[in-house]
Amino acid sequence: MAARGGDVMSTPAPAPRLSLGTLDAVEAGHRPRVDPRALGVGVVHLGIGAFHRAHQAVYTEDAVAAAGGDWGICGVTQRSRSVVEQLGPQDGLYTVLAHDAGGSSARVVGAVRELLFAGEEPGRLRALIAAPTTRLVTLTVTEKGYRHDPATGRLRRADPDVAADLDGWSTARPPRTVVGQLVAGLAARRAADAGPVTLLSCDNLPANGAVLRGLVGDFCAALPDGDGLREWIAASVRFPSSMVDRIVPATTPADRDQVQRLLGLRDEGVVVTEPFRQWVVEDDFAAGRPAWERAGAVLTADVAPYEAMKLRLLNGSHSTLAYLGLLAGHEHVADAVADDGIAALVDRLMAHDVVPTLAVPDGFDVARYRQDLLDRFANPALHHRTLQIAMDGSQKLPQRLLGTISDALAAGREPRAACLGVAAWMRYVSTGRSEAGVALPVDDPLAARLGEVTAGAGSPAAVVDALLGLPEVFGTDLPADARFRALVEEALEVLTRDGVAGAVRESVAS
Ligand SMILES: NC(=O)c1ccc[n+]([C@@H]2O[C@H](COP(=O)([O-])OP(=O)(O)OC[C@H]3O[C@@H](n4cnc5c(N)ncnc54)[C@H](O)[C@@H]3O)[C@@H](O)[C@H]2O)c1
Ligand SMILES: O=P(O)(O)OC[C@@H](O)[C@@H](O)[C@H](O)[C@H](O)CO
């Protein structure tokens, strides 16, 4: 069944809630591909937001449908119990609604079998990570959830929550950071002699597996009795890296209404996405894994080239579209990419600044990939808000734009489009307003600091100076590079004087 994505309809009348009890009312073509009642839990997922439900849970259900295995998921939420409230009464069931210009398709997914709010049940989380039935712990906890310094990859021990987790270790106060929760679970697993396990990061971070391994090691190293645990982890735990891709905007009430019209049931856990999905996973698992390759994932020895390509081309373009788009007054990515000047800038960013920095995997058609990205960004039915992507810029710039800039400068090139992306972020965080004067909230773990350092900065040069003085965003090498400073300063001056239209015109023409 398909429905036009753009249809405007009134709110449907109340309907029964999606659950195991009502699942039989769902048309066969929309039902889960496995029997949820028969699926045991083998995966603990930290951060069951929209992305996990539209990506790994779908791959996992398809893998189990193709090859079997008790790979049901216990979804853990960290910061609020809203997902538990949405999915609990639905026995974990929810709908994935995929939109493109041709219409929408709906599929109920049954891979999530249990739910847990870590804030309320820390002991249950620890016990689950320690259970012999758990063979995989996966993560989508956002970039800021790692509490690391992107420049060095090290755990920020001065972070008050990390410090509190370390201080509370001896008193058995339950840890609240992700790394603390993982280490507590691994310590319990070691004590229970429950065997090896794999921790798989699925966040948009380069070398996400290696980063996670380093952070777990840093946390253990700060514990008074951490050496034995570190040795056990080295022998029993794997940390593969992965590149994940599927655009999953925040769900709107209209999406829930559309699913209700399609299924005849109310689903408070709907997630919306595009038809496209991709997953490249390092094949290094300690205790087995779902047969994700049967669901279309690529299992490989080296994820790095795919990660760099995706983070720099897709996410670098996304953030640039978000900051330029916000300043120019575009609410959604599709509106921003429909702006010819911004689209030309993003095309230049990809072709001129990013592609020469990449080690493109053999046989990979990068020109086609670039065009596909522009088409995906233009998906008119996917209402991906520029403000959502702009969030947490201090945590995203390093892997999305700064790596490209460093590599391009090292090769003697001038990455002007990438520097304009950085300048657009600077203008957004320093003014908190669009060109039309509309207030733009800055949602970022460093928001207070960003406001503080830019408060008295009266000129573009002073704003650049203030922000480049934040090593937690820019490290120390780039700010010391006069060419980088000059390019960003010039871009911010033009942006301030001639607006987004003038700045993209000048950047594309240069
Ligand atoms: N949405 C996408 O298009 C997409 C695509 C690829 C990868 N991702 C990755 O998935 C992550 C989550 O995206 P989403 O769409 O599910 O977002 P979401 O807002 O729906 O969910 C975010 C999840 O992260 C957890 N979280 C947030 N801040 C945290 C913190 N400080 N510590 C611990 N946990 C925290 C929340 O509890 C929640 O479960 C992204 O940050 C990105 O790394 C998302
Ligand atoms: O999810 P975030 O906040 O890390 O980033 C926002 C988007 O750029 C991102 O989610 C993309 O949609 C995604 O990476 C596509 O695979």
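Per-structure values
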item	result
Residue pairs meeting the criteria (Cβ under 8 Å; at least 6 apart or on separate chains; first assigned to a loop (DSSP other than H, G, I, E, B), in the range 302-329; second away from ligand 1 (no atom under 16 Å from the Cβ) and hydroxyl-bearing (Ser, Thr, Tyr))	Gly329/Ser434
Qualifying positions in the range 374-397 - among the aliphatic types (A, V, I, L, M), assigned to a helix (DSSP H, G or I) and within 26 Å of Pro253 (Cα to Cα)	Leu387, Ile389, Ala390
Cβ-Cβ under 6 Å pairs, at least 6 apart or on other chains, the range 264-280 side farther than 23 Å from Pro253 by Cα, far side part of a loop (DSSP other than H, G, I, E, B)	Arg277/Arg246; Trp279/Ala297; Val280/Val303
Residue pairs meeting the criteria (Cβ under 8 Å; at least 6 apart or on separate chains; first modelled with pLDDT of 95 or more, in the range 77-88; second crowded, with 20+ Cβ neighbours inside 10 Å and polar (S, T, N, Q))	Val83/Thr77; Val84/Thr77
Residue that is surrounded by the fewest Cβ atoms within 10 Å (Cβ to Cβ) [pool: residues in the range 380-408 that are away from ligand 2 (no atom under 11 Å from the Cβ) and among the polar types (S, T, N, Q)]	Ser406
Candidate set: the range 7-51, residues that are within 16 Å of ligand 1 (Cβ to nearest atom) and under 19 Å from Val272 (Cα atoms); chosen: the one surrounded by the most Cβ atoms within 10 Å (Cβ to Cβ)	Ile48
Total residues in the range 312-334, condition more than 16 Å from ligand 1 (Cβ to nearest atom) and either surrounded by fewer than 20 Cβ atoms within 10 Å (Cβ to Cβ) or in the same structural domain as Leu205 (by TED's automatic domain parsing) (or both)	2
The one condition in (1) aliphatic (A, V, I, L, M); (2) surrounded by fewer than 22 Cβ atoms within 10 Å (Cβ to Cβ); (3) away from ligand 2 (no atom under 16 Å from the Cβ) that Leu345 fails to fulfil	(2)
The range 100-128, residues that are acidic (Asp, Glu) and in contact with a strand residue (DSSP E or B) (Cβ under 8 Å, 6 or more places away or on another chain)	Glu114
Checking Arg37 against (1) of a type outside the set (Gly, Ala, Ser); (2) part of a helix (DSSP H, G or I); (3) touching a residue at least 24 places away in the same chain (Cβ under 8 Å), the condition it does not meet	(3)
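To keep it simple, each residue is scored yes or no on (1) among the basic types (Lys, Arg); (2) surrounded by fewer than 22 Cβ atoms within 10 Å (Cβ to Cβ); (3) within 16 Å of ligand 2 (Cβ to nearest atom).
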{"residue": "Gly119", "(1), (2), (3)": "no, yes, no"}
{"residue": "Pro132", "(1), (2), (3)": "no, yes, no"}
{"residue": "Thr142", "(1), (2), (3)": "no, yes, yes"}
{"residue": "Tyr146", "(1), (2), (3)": "no, no, yes"}
{"residue": "Pro150", "(1), (2), (3)": "no, no, yes"}
{"residue": "Arg154", "(1), (2), (3)": "yes, yes, no"}
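The values are calculated or read from the model by the stated rules, or taken from the named source; none is laboratory data. The shown structure was predicted, so the numbers you read here are calculated from the model rather than taken from an experiment. Cβ: placed from backbone, ideal geometry, glycine included. Neighbour counts: every protein chain shown.
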